[in-house]
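A quick write-up on the structure given underneath.
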Amino acid sequence: MSSDLVTYELDGKVALIGLNRPDKRNAMNDAAITALRDAVLRAGEEADAGVIFGHGGNFSAGLDLAELATRLQPDAPRPRKRLPRHLWHSTFDLIARGSIPFVAALHGATIGGGLELAAAAHIRVADETTFFGLPEGQRGIFVGGGGSVRIQRIIGYATMADMMLTGRLLSTEEGREHRLAQYVVPPGEALGKAKELAAKIAGNTANTNWMITNVLPRVNDLSHDDGLFMEYLNSSMARPPESLQRLNDFLQKRATPLARPASAAE
């Protein structure tokens, strides 16, 4: 499956979803977000992990400002009612708290709505061309893709306010320092690294991946006692037979050992 706006490919157990407006720096409008939502839903059915990337020279420059300016014209038609759920919010929630984990492969501009999309992924891989920004303050608008929740929880209020108020751009390394990327790779290697990580994630049990992506972030929002209770409830759930098989594989030394970091192996 592919469309003019979003491409989709199934690579083994990994769904590859590509933003496909390279001439617009992968700026997103409602049509692109709808295509992205459809691809994410399909990935949840077919795959065990997903990768989101951008075609061309950038991950995404965010909201299509030309289309927004058209909608803001005084004579532009207005919706009769507010929608029950914002399209961007519901789509990005399908990524952040859906049925499979997602890895974002970042390069070039990752700004505005593009950064909000990246923040919805569970792991972010940035190559050294990546830069991060939130230029909404200079455009007379506000974040609208869940960034006030997700990005702020990743980097904190002070850094997010600085980026929005001043238009400050973060380099790849600064982004890693502020946890916007867990991995940094040489130019052109983000997608390959993201695929590698997604394939590894797809090897986990689906139930464990679901708890990591759906239970763990909710625990973070709870009080200490409620968080421990939530952990107890989930750790006490009946486990699939695969869990026992994996434990036996480890105990009988059939499991692949974890690779130590290079510094630990020296």
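Here, each number is a calculation from the coordinates, and none is a lab measurement. These figures come from a predicted structure and were not determined experimentally. All Cβ positions, glycine included, derive from the backbone under ideal geometry; neighbour counts span all protein chains shown.
Some observations on this one:
- Reachable aspartates and glutamates from K200, criterion Cα separation under 14 angstrom, eight or more residues apart if same chain: D11, D48
- Measuring between their Cα centroids, segment 184-218 and segment 85-154 lie 16 Å from each other.
- Here L134, L63, L94, L165 are placed in order of increasing Cβ neighbour count within 10 Å, fewest first, which gives L165, L94, L63, L134.
- Sites S171 and A206, calculated FRET efficiency, Cβ-Cβ separation with R0 35 Å, nearest 0.05: 0.45
- With the simple spin-label model, which puts each label point 7 Å out from Cα in the Cβ direction, the D226 to H89 separation comes to 1.9 nm.
- Reach of K24 by Cα under 28 Å, taken over lysines that are not fewer than 8 positions away in the same chain: K193, K195
- Protection proxy ranking, peptides 113-123, 186-196, 24-34, average beta carbon neighbours within 10 Å, highest first: 113-123, 24-34, 186-196
- Interchain or long-range residues, amide H under 5 Å from F102's placed H: G50, H122, I123
- Shape class of segment 6-202 from the alpha-carbon gyration tensor: oblate, with a/c at 1.5 or above and b/c at least as large as a/b.
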